[in-house]
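One structure is given here, and the rest of the page talks about it.
The values are calculated or read from the model by the stated rules, or taken from the named source; none is laboratory data. Predicted model, so just to flag it, every value in this text is computed and none were measured. So basically every Cβ, Gly included, is an ideal-geometry build from the backbone, and we count neighbours across all protein chains shown. Accessible surface areas use protein heavy atoms only, side chains included; no ligands, DNA or RNA. Shrake-Rupley method; radii C 1.70, N 1.55, O 1.52, S 1.80 Å.
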Amino acid sequence: MSTVFLYALVGVVLFSLGLYALIVHAHLLRKILAINVMGSGVFLVLVALAKRTGEDTPDPVPHAMVITGIVVAVSATALALTLMLKLTAETGNAELPEDSRE
Amino acid sequence: MQTLYLALALFLLVNLGAGMWRIFRGPTAADRMLSAQLFGTTAVAVLLLLAQTKENTALLDVALVFALLAAVTAVAFVRRAWTDQEVDHDSE
Amino acid sequence: MNWNAWIPLLVVASSLLPGLVIFSLAEERVRLRSTLNLAGALVKLALVGWMLWGVYHGRHYETRLALLPDLELVLRAGPLSLLFVTLSSVLWLVTTVYAIGYLEGSPHRSRFFGFFSLCVSATVGVALSGNLISFLLFYELLTLSTYPLIVHRGTEVARRAGHSYLVYTIFGGALLLLGTVWLYTLTGTLEFTPQGFLNSLGEEHHPALIVIFALMIAGLGVKAALVPLHGWLPQAMVAPAPVSALLHAVAVVKAGVFGIVRVVYEVFGVSFAAELGVTGPLAWLAATTIIYGSLRALFQDDLKRRLAFCTVSQLSYIVLGVAIAGPIATIGGVVHLVHQGLMKIALFFCAGNLAETLGIHKVSEMNGVGRRMPWTMAAFTIGAFGMMGAPPIAGFISKWYLGLGALEAGQEWVILVLAGSSLLNAAYFLPILHRAWFQEPPETWPEERKFGRKETAWALLLPPVITALMALGAGMLASAPFSPLGWAQLIAQREFYQP
Amino acid sequence: MIPSDYLSVALLIAGAIFFLAGTLGLLRFPDVYTRLHALTKADNVGLGLIVMGLVVQAESWAAVGKLLLIWVLVLLAGASVAHLVARGALQRGIRLWKR
Amino acid sequence: MLQWALDALLGLGLLWLAWCALMSPNLLKAIVLFVAFGLLMALAWVRLDAPDIALAEAAIGAGLTGALLLAALARLRFAYADEETVGSPAQEEAKVRFPQWLPAVPLLLVVAGLGYVVLSLPPYATGLSTEVTANLESSGVSNPVTAVLLNFRGYDTLLELVVLLVALLGVWSLDGLALGRETAPGPVLDTLSRFLTPVFILVAAYLLWVGAHAPGGAFQAGSVLGAAGVLLLLAGWRFRAGLTELPLRLVLVAGPGAFVIVALVTMLMEGQLLEYSPEQASILILFLETTATFSIGATLAALFFGGRPQDDKEHT
Amino acid sequence: MGTVITKIPWGVLLILLPLMGGMACFLWPRIAKILGLVLTFVGVLSVVGLGWQIMSNGVYHHAVGGWGAPLGINLYADGLSLLMLAITALVGFGISVYSSGYFERQHSTRFWPLWLLVLAALNALFLSNDIFNLYVTLEVMGLAAVALAALTGSRDALSGAMRYLLANLLGSLSYLFGVALLYHGFGSVDITTLAVQVKGSPTTWAALGLIGAGLVLKTALFPLHFWLPPAHASAPAPVSALLSALVVKASFYILLRLWLEIFGPLGGDVDTLFGVLGAVAVLWGSLQALRQTRLKLLVAYSTVAQIGYLFLAFPLAMSAGVMAWNAAVYLALSHALAKAAMFLATGNMLRFGGHDRIADLDRVVQRLPLTATAFALAGVSIMGLPPSGGFIGKWLLLEVALAQGQWGLVVIIVLGGLLAAGYVFKVLGQAFTQAAVMHESRAVPASMEWAALLLAFGAILLGFLATPVLSLVGIGSPFGAHEVMP
């Protein structure tokens, strides 16, 4: 098994780990971390598989996509953190209220 | 030479794994931060070695950015995240 | 530019547009509102008269608008549509006059008259629909525009009545929709055609067609108040009297019955329906409704409720006439569509007058009311005798043809039903008349309003008298060229004798 | 291997040893202040030695400059952070380890 | 063999760090572990021959995200009425709503399925690299990643700058946040920031310049600039009030704004959106990258700062 | 005249104008409102222009950067995209008019830039022919939508927005993973190229699973709808309208587009799954809506139900093709208009009465006749009663279901309509009571009432426009060419 697939598999597992943490954790900061880990997993898959060109230089297109993805991720993280802080300030609790249905 | 660089990189990585223990162990937030700092420095060293193996001077830039930003996280910690509450936990 | 293609649409628009304007009028613009209403009604009547004349001379009036790529919105003036259109546009004019008098000074009149106009537009649309999808469209529009009228008073009782009305009619509408779409997937057309358009379908579709027939009759039966789908009708009596009159005589129930007529004659075709074996059960259902409605009417003290159950019963005469599946019974059924409307609207106007002028709501309060309000009660008496089927009033003509038709079709049991129902009619109308004319009036009426030397306001008095006279006239002049009977014969002819 | 390679190897290995020492110190020393001491050894000397080892190998002056800059930056960050952490720890009343 | 061991160790280290970061009962520990995870990710990018991403990750993933998370944690504690509730293990266990293994079962299936799919992909595939190489000449730059980012798929990059702006608008529309407690900067930090800021700027300029032919570019440069802003903010620096109004907003939209204008102009001249003529491509890309760098830097720093600057002034 | 109109690149303007507008609103908050109104109106004109172009020249292509697929990004618009753009422009203009009266001072300066950027993202999304580009547009739209949902900063709004954000991010990542697999499996992210290249393989199925799951989550199909009611119910009224009418449709559009071009032809049972979930959504959403005591939640759950209808087309399309998709598109369009009107009307009632408790609305509804009419007309379309766009959609759907003998779906479609009538009249029944106003009421600007009313009229009018609309959607035959509309 080449390193390409090693890293791609690591990416798959990271994605799933993040998903698992996203589901089981109630604390929002942890959910945000989980989303970030999931993102890293996807990026890893994208970039690892780009190395399959058979030459020294990997396919640059996924690299550009991942850079885009990283910027999107940091933007989303910043927004999510601010929302979390505002919510905590309102409710005194950094978790989502169980269900706001009446 | 290549082998040496790689071996050293590997060694530093293992070293890093050992240092991780302090992040878990704590006991104070400061300890955790210190090990993260060591982590950063080691990563710079590993990067430098990897740059040498790949003979890609661009990787030096990565190390440079690492080195620059190592301070930012640590400062953010000291200035923001470090709260007073841990006074009593520091007993070993 | 072919003007004839736009007249059916104009007939619908002649009440729709005034209605929309009326919605936006301020409450106090009484005169403008009344003018709009009456102008709309008159224009409509004129247009309908024009079409009547034209159709009689073989002209063709048809509006077609694309609705779906292969389905059109069709408004067409045929004999059957004109029968119903004429009835509703004449009665709308009368009812409008009555409503203007009846609602004087009460709140939310703009809203009321707006929906009132919408309701009539929908009814006219139902009448003129040239295919099932147009019919369905106006049928649902009718549901939606009547609901605000039923709950108009805004009381808890009214709200419950409206709720019950909606539950019944929306459900019925869904069944009708289902039947219609299903039919469309089988045939690819929905155009009303004399003698139906299903003959060409193979045997293998017959079970499906029976189910479709059941779905459609169930859907239409809600509005036609066929037992057991009649529950909403007596409840809806909480609405103001003009609304009741409209519901019972012109719009809602008639739309249901008219739909049944259309489905049997122009979708399935009478002979095809008989071949499918669906007319027999329909006749039995109608017979049951006739007897059941009459029996229930017998035990109501509330005047409007008694009239409501009377409606349940009388409507099924029409269904019965259709279901017997013979030409003469058809004439009886179709002509009753008009006759019942005229008589019943007179009766409801009278009931409204009693409530509005004297505060009388119950049969037991009607002692001697004939002396206080002779004109009103005279109209009532004509209506009541008509319902019983006494000659020479319109009801007699209907029953006569129904009976003849039943004999012709070899369904003698129908005579029994008719006789029984006439007896029952007498049993619940004669005591009222007896009370009104031959009992001593009480010292004071429950809630009397004075109108000078008249027994009540002109706007309230004229409509019942006029409609009662029309009922009388329809019976006495039945053989005249433009009489309802004449049209009914024309229709029956097209259904049974034309190739 | 040319002579400069030997020098480089020696420097690199020495650097790695300092890193090991730093890690051990981080793990074994009893309190924040002593651990700080260990850490800064790894930072300053360990990385310094590795940088020197690589400078010997470097192919251009630009690379040398970058390597040195990296070292200086890490030194600076390490020193400042060590200072800040120590000061913070003192301010927060974390006690010094006494035998 | 050594290569393999290094990759395996990195991969396992990534998984282990991620697991520990996600499952640690202590929030601070989780964040520190996450920062460490980011560092290892950067090493992984290097191993995967993706130095551009390694640079971005080093600046954004490991540096700025870490600072953001730490600052958020600080504010979170400030927002809590009861500080004890932050990440204490007892609390954490009480909050688990269902058996923790329950989602693990389907997720293991997901891992197995996706793993199988990844392994089923052909071991060699060129993707679009041949097309990129073929058109690199006329793209105006020689670094293929920059060529993709600013020329071949420049439209994506334009929208990506908008994402940043949207995030900032979102953060600002939520009002300023309480800063949490902050100790006085002290002379060391002051000196450090004074010394480092020019270096940051130099490095950013260098990365921007070098991006045309080597790893680097607007995002990396912008993040370094943003990090400089963060450091200055941490050191207690604040802009003059006048600068936080229109001038700041102008800097923030300069990147996407310039991009849109270039898009319009190129469309008028060449017929297609963002179609550069080969002669002007390199200068246009440099222009776009420069404005983008400023915007990215300012936006990242502003995101770290939290609320709208003038709002914050009212709070303190 | 005609040549001038066909020469202007309307498609590109649809993206760039709101983009620039958003930035300008951010720079100069004072002119934000005017600029927003003008630009959304220009948006309507641009769609007309684009429609003109498409009708005279056929489908719209634009190779961004001049590279063309697969290296560059292609913009593409056929009848389907055109209709989505048109409904976006119309609803968008309605929302703008409404918002100009709704938001005050601070909220206004925050609303306009985000709103224009959402609009730009929506237009970019409907015009894109590149699955990675779609990811970026999804993110712009998603983040801006979240920020708008949280605009009031109330506790409910914040928690709703947070849930929404997490669902959004999860959906995006799942989608991106699918994109990664497709790219590495078939070497392109251009939809047209992929349509040729993609073969049935584990990669394709995994990509379908990931992309499908991500988009279904964003579209809020049962059981992944959990985030929608709190987010849509707690946002400001125009934002709720935007979310329910347009944003949810955007992810549905991508799903539809990818299904049509890439995944659908490969067969498989996913369509059945979509159908079952759609059916459950119709019932569950409607029942939940009936149970609600607060109006906004009722309307939000109604969205859950109506989204279910869209997915009923998938199993039917297997053999019915064009007809089933036409039904889905029609339902989507009329739902967009009707639901926007409904949320705007709800906003009026909320503002007038200060609350949205259904039981106490009698004092509100009857005082706002225009709003009540808007709600009623929108309700007619939602119920699927004639004459309305909703009716046409349901008619087509029923026709297909009956023709295929899918009795289960027939029952669901009819039952869903009945339940919808239940919850719509639960509100409208309040309009006719005679209660007096008990408390302080707040005036509702005419622009807000008319915006709701006109959108509702649009939903009704759509019932009469089936022939032109369905012939428009056929341009470029997005649903395959095996059945040509007469």
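The table below lists the values:
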read-out: Those lysines that a straight Cα-Cα span of less than 19 Å connects to C:K362, excepting residues fewer than 8 apart in one chain; value: C:K304, C:K344
read-out: Chain E: DSSP helices with Cα axial extent of at least 15 Å and average Kyte-Doolittle hydropathy no lower than 0.5; value: E:2-23, E:27-47, E:65-79, E:104-120, E:154-173, E:186-210, E:218-234, E:246-270, E:278-305
read-out: Cut-off 10 Å between beta-carbons: net charge of the residues surrounding A:V66, Lys and Arg +1, Asp and Glu -1; value: -2
read-out: Sulfur and carbon atoms: percent of accessible area, the protein assembly as shown [1.4 Å]; value: 66
read-out: FRET efficiency, C:Q493 to C:A26 (Cβ-Cβ, R0 41 Å, nearest 0.05); value: 0.20
read-out: Rounded if a/c under 1.5, otherwise prolate or oblate - region E:13-79, Cα gyration tensor axes; value: oblate
read-out: For region C:111-267, fraction of C-alpha pairs farther apart than 25 Å, in %; value: 29
read-out: Chain E - percent relative contact order, Cα under 8 Å, separation 6 or more; value: 20
read-out: Gyration tensor (alpha-carbon) shape descriptor, region C:410-499, a/c threshold 1.5; value: oblate
read-out: Radius of gyration and maximum dimension Dmax of chain D, Cα, Å; value: 16.4, 54
read-out: FRET efficiency, E:S277 to F:S56 (Cβ-Cβ, R0 30 Å, nearest 0.05); value: 0.50
read-out: Longest site-free stretch - chain E; sites: GluC sites (Glu not before Pro), DSSP loop, at most 13 other Cβ within 10 Å; value: E:1-181
read-out: Filter on C:K254/C:K454; A:K31/A:K86; C:K254/F:K339 - keep pairs with C-alpha separation over 23 Å; value: C:K254/C:K454; C:K254/F:K339
read-out: Rel. contact order, % - alpha carbon contacts under 8 angstrom, at least six apart, region A:3-91; value: 28
read-out: Cα-based helix-to-principal-axis angle, C:156-187 vs chain C, degrees rounded to 10; value: 10
read-out: Kyte-Doolittle at least 0.5, axis length at least 30 Å by Cα - qualifying DSSP helices, chain F; value: F:32-57, F:79-102, F:105-127, F:155-186, F:270-291, F:295-320, F:322-353, F:407-428
read-out: Cα point-scatterer Debye curve for region F:319-411, base-10 log of I(q)/I(0) at q = 0.11 Å⁻¹; value: -0.42
read-out: Cα gyration tensor shape of the protein assembly as shown, rounded if a/c is under 1.5, else prolate or oblate by comparing a/b with b/c; value: prolate
read-out: Efficiency of FRET between C:F451 and E:L102 - r from beta-carbon atoms, R0 56 angstrom, step 0.05; value: 0.10
read-out: On Cα atoms only, tilt of C:252-262 relative to the major axis of chain C in degrees; value: 20
read-out: Within-15-Å neighbourhood charge of F:Y253 [Cβ basis; K, R +1; D, E -1]; value: 0
read-out: Dimensionless Rg/Rh of region E:139-316 - Kirkwood Rh, Rg from C-alpha atoms; value: 1.03
read-out: Amide H within-cut-off set for C:D302, under 5 Å, with H built and near neighbours excluded; value: C:V363
read-out: Sum of -39500 (n - 2.57) over DSSP H runs of 4+, divided by residues of the protein assembly as shown (222 nm, nearest 500); value: -24500 deg cm²/dmol
read-out: Neighbour net charge for C:V252 - beta-carbon separation under 15 angstrom, K R +1, D E -1; value: +2
read-out: Candidate lysines - alpha carbon under 27 Å from F:K199, same-chain residues fewer than 8 apart omitted; value: A:K51, F:K218
